[in-house]
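Each remark here refers to the structure printed beneath this line.
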Amino acid sequence: MLDNFNRFVIPNLGLFMDGLTITVRICAIAFAMAVVMGAIACLIRLYVPVLRYFAIAYIEFSRATPIIVQLLWVNYVWPELFGFPKSVEWAGIIALAIQSSGYLAETFRSGIEGLARGQVEAGLAVGMTRAVAFRRIVAPQAVLVMAPSIINQFAVVVKASTLVSIIAIPDLMYDALKVVNQWFEPIEVLTSVAVLYILTIFALSATAKRVADHFRGKYGLDAQA
Amino acid sequence: MNNAVAEQKPILECRDLRKAFGAFEVLRSISFEMQAGVVLSVIGASGSGKSTLLRCLNYLEQPSSGVVFLDGEPIGLRRQADGGLKPDSPANIARMRAQIGMVFQQFNLWPHMSALENVIEAPRQVKGLKRAEAIEIGRHYLGKVNLLDKADAYPARLSGGQQQRVAIARALAMQPKVMLFDEATSALDPELTGEVLDVMRALAEEGTTMVVVTHEMRFARDVSDRVMFLHQGVIEEDGAPAQVFGNPASERCRAFLSSVAH
Ligand SMILES: Nc1ncnc2c1ncn2[C@@H]1O[C@H](COP(=O)(O)OP(=O)(O)O)[C@@H](O)[C@H]1O
Ligand SMILES: [Mg+2]
């Protein structure tokens with residue numbers, strides 16, 4: 001066991017770190033895009049009546065399609081239809097971003113709608129426009145309320161990203177499978193890779209949770225369990 | 001009220017105000033004028049339309065018809081060159097609202113801001129004051145509600161009475177022409193209503209123009225200059241406290257008053 005670990009994991013650590021770098025990069029970019037796209041979809045759904053049904057259709061579509069279908073679709077169909085993405089990495093990023101944006105849009109909506117209506121009215125009553133009330137009152141609180149779901153969604157992206165290897169992006173999972181298929185010794189390699197994924201997700205979640213708890217504590221709101 | 005005062009231009013005027021939710025008429029032709037410096041209490045049974053009236057006064061609720069004038073300017077509507085009225089822009093509506101303070105039953109403080117930040121938020125964001133200037137104003141009004149020592153506390157750490165006083169300071173910090181209070185003490189434990197009523201009484205004595213929806217009959221009788229009784233969206237009684245409480249013309253008002261007297 002230790003022998004296998006020394007033979008298959010240790011010598012490939014450099015490779016796995018390269019894969020992990022790609023995984024983190026893909027996830028970070030995809031998630032950042034998902035936040036922006038989700039916010040736009042949510043704001044349109046809530047505040048732009050004429051485009052509301054487009055936003056709903058987009059949200060439902062992105063959530064209802066399996067990630068693997070989106071991956072293949074963006075990677076093989078988009079270049080034909082739209083002339084991009086130009087690389088498999090971007091195809092992976094876009095597919096992950098589309099899927100997550102749908103979930104995030106719904107998370108944002110519940111955060112915004114859950115906020116007591118009275119707080120916005122208090123803003124309007126002192127002369128704020130709706131835009132100012134949104135920026136100063138709704139958004140900061142919605143982010144706090146939604147922090148746990150947003151963190152969770154990031155973990156979902158990291159997990160879903162293990163599928164991008166099927167379009168030949170050399171992420172951590174891709175490298176792991178390469179080593180496994182070379183030596184047919186899956187136990188140590190896959191276990192080590194699982195630990196790397198767990199550590200990555202845990203490190204990100206713990207950091208985000210600490211930031212959110214800091215503000216909740218500062219405002220005297222109960223820290224999330 | 002003497003003649004000199006009566007001849008002044010009203011600070012607030014409601015002209016044939018109506019409000020319906022669907023087919024349900026909540027306010028049915030409300031008309032009244034109010035002079036600056038007057039404290040007007042609005043009383044009436046639950047569901048009679050008191051909150052809706054206040055919310056129409058600052059256009060949180062859009063009237064179905066009729067006009068509210070603040071200091072001669074129509075709210076939510078804009079005078080056209082030909083003298084007609086057209087719907088106003090959101091920015092102008094916000095500008096008018098900034099001149100009307102409102103205190104809510106549920107306080108509605110912003111929980112992610114300290115007491116002082118709550119109070120300086122509108123002077124900063126709406127009036128565009130510099131931070132130092134806004135803080136000076138904020139501290140002045142927090143002092144007025146006896147909460148200077150709580151300037152840095154967040155709402156969750158304040159009692160209901162303290163929160164409501166911060167909310168009053170927040171409204172005052174915009175130096176509004178009129179203050180609206182919607183059952184400001186109804187959500188408070190009985191032992192905390194006193195500190196809020198004391199602040200309101202002090203404001204009244206300073207000559208603040210106030211429209212006070214209240215269930216506190218003693219406050220209405222002792223502090224206001226004028227009392228209005230609302231019944232199913234109609235002003236049934238409107239007069240000096242002594243007259244409304246002592247000798248109401250309306251039978252319904254008489255019945256309401258005896259129902260709330262213990
Ligand atoms: N947004 C609304 N939609 C429908 N009905 C409403 C709305 N707001 C108030 N009402 C109704 O209008 C009536 C008067 O309400 P309100 O003004 O809150 O009365 P009060 O403050 O005197 O208790 C009530 O019957 C209430 O249910
Ligand atoms: Mg009410």
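Laboratory data are not the source of any read-out in this text; all were calculated from the coordinates shown. Everything numeric here is computed off the predicted structure, so don't read it as measured data. Cβ coordinates were reconstructed from backbone atoms using ideal geometry, including for glycine residues, and neighbour counts include every protein chain displayed.
Within a 10 angstrom radius of the beta carbon, how do A:33, B:200, B:179 rank from fewest other beta carbons to most?
A:33, B:179, B:200
Between residue B:156 and residue A:155, how high is the FRET efficiency from 1/(1 + (r/R0)^6) when r is the Cβ-Cβ distance and R₀ = 35 Å? Nearest 0.05.
0.75
Run a plain Debye calculation on segment A:5-105 (Cα atoms as equal point scatterers, no solvent) and give log10 I(q)/I(0) at q = 0.12, 0.13, 0.22 Å⁻¹, rounded to two decimals, same order as the q list.
Treating every Cα as an identical point scatterer, log10 I(q)/I(0) equals -0.49, -0.56, -1.09.
Whole number please: convex hull volume per residue of the Cα set in segment B:15-141, in Å³?
Dividing the Cα hull volume of segment B:15-141 by its residue count gives 157 Å³.
Diagonalise the Cα gyration tensor of the protein assembly as shown and give the resulting equivalent ellipsoid semi-axes, square root of 5 times each eigenvalue, largest first, whole Å.
The answer is 60, 25, 18 Å, longest axis first.
Less than 14 Å Cβ to Cβ from residue A:7, Lys/Arg counted +1 and Asp/Glu -1: what total charge do the surrounding residues give?
Net charge in that neighbourhood comes out at -3.
Report the calculated FRET efficiency for residue A:32 and residue B:149 (r = Cβ-Cβ distance, R0 = 51 Å), to the nearest 0.05.
Result of the calculation: an efficiency of 0.75.
May I ask for the equivalent-ellipsoid semi-axes of segment A:104-225, computed as the square root of five times each C-alpha gyration tensor eigenvalue and listed largest first in whole Å?
Values for segment A:104-225, descending: 43, 16, 9 Å.
So which lysines pass the test for residue B:130, namely a Cα distance under 16 Å, with those fewer than 8 places away in the same chain ruled out?
Straight-line reach from residue B:130, under 16 Å: no lysines qualify.
Relative contact order of segment A:2-219: what whole-number percent is it, with Cα pairs under 8 angstrom and at least 6 residues apart?
Taking the mean separation of contacting Cα pairs over the length of segment A:2-219, I get 29 percent.
Given the Cα atoms of segment A:2-219, and with Rh set as the inverse mean 1/r over their pairs in the Kirkwood sense, what is Rg to Rh to two decimals?
1.07
Could you work out how far helix A:13-47 tilts from the main Cα principal axis of chain A, as a 0 to 90 degree angle to the nearest 10?
20 degrees
In 5 Å bins starting at 0, how do the alpha-carbon pair distances of segment A:44-165 split up by percent?
2, 10, 16, 17, 17, 14, 10, 7, 4, 3, 1
If every alpha-carbon in chain B counts as one equal scatterer, what log10 I(q)/I(0) does Debye give at q = 0.14 1/Å?
Log-scaled intensity ratios, in q order: -1.00.
For the pair residue A:191/residue B:64, report the inter-label distance in nm, with labels modelled 7 Å from Cα in the Cβ direction.
7.4 nm
Each label point is 7 Å from the Cα along the Cα-to-Cβ direction; what then is the distance between the points at residue B:189 and residue A:214, in nm?
Label-label distance for residue B:189 and residue A:214, simple model: 3.4 nm.
Could you please report the charge total around residue A:21, scoring K, R as +1 and D, E as -1 over all other residues with beta-carbon less than 14 angstrom from its beta-carbon?
-3
Residue B:148: net charge of surrounding residues, Cβ under 13 Å, Lys/Arg +1, Asp/Glu -1, itself excluded?
That works out to +1.
Between the DSSP loop rule and a limit of at most 15 other Cβ atoms within 10 Å, which GluC sites (Glu not before Pro) in segment B:190-262 are left?
For GluC sites (Glu not before Pro) across segment B:190-262 that sit outside H, G, I, E and B with at most 15 neighbouring Cβ atoms in 10 Å, the list reads B:206.
Beyond 20 Å between alpha-carbons counts as too far, so tell me which of B:86/B:127; B:9/B:144; A:218/B:150; B:150/B:177 fall in that bin.
From B:86/B:127; B:9/B:144; A:218/B:150; B:150/B:177, over 20 Å: B:86/B:127; B:9/B:144; B:150/B:177.
List the residues, sorted by chain then number, that are 5 or more residues from residue B:38 or on another chain and whose placed amide H is less than 5 Å from its amide H.
Here B:210 satisfy the definition.
Modelled label-to-label distance, residue A:131 and residue A:39, 7 Å Cα→beta-carbon offset: nm?
Inter-label distance under the simple model: 1.5 nm.
When the dipole is taken about the Cα centre of segment A:2-219, and only Lys, Arg (+1) and Asp, Glu (-1) are charged at their Cβ, what size is it in debye, to the nearest 20? Can you show the working numbers first?
Values: 17 positive and 13 negative charges, 203 e Å.
Once rounded to the nearest 20, the dipole reads 980 debye.
With a bin width of 5 angstrom, please list the P(r) values of segment B:147-262 as percents of all Cα-Cα pairs, from the 0 bin to the one holding the largest distance.
Once binned at 5 Å, the Cα pair distances of segment B:147-262 give 2, 10, 20, 21, 17, 14, 8, 4, 3, 1, 0.
For segment B:62-126, what value does the Rg/Rh ratio take when both radii are computed over Cα atoms and Rh is the Kirkwood radius, given to two decimals?
Details: Rg = 15.2 Å, Rh = 14.1 Å.
That ratio is 1.08, to two decimals.
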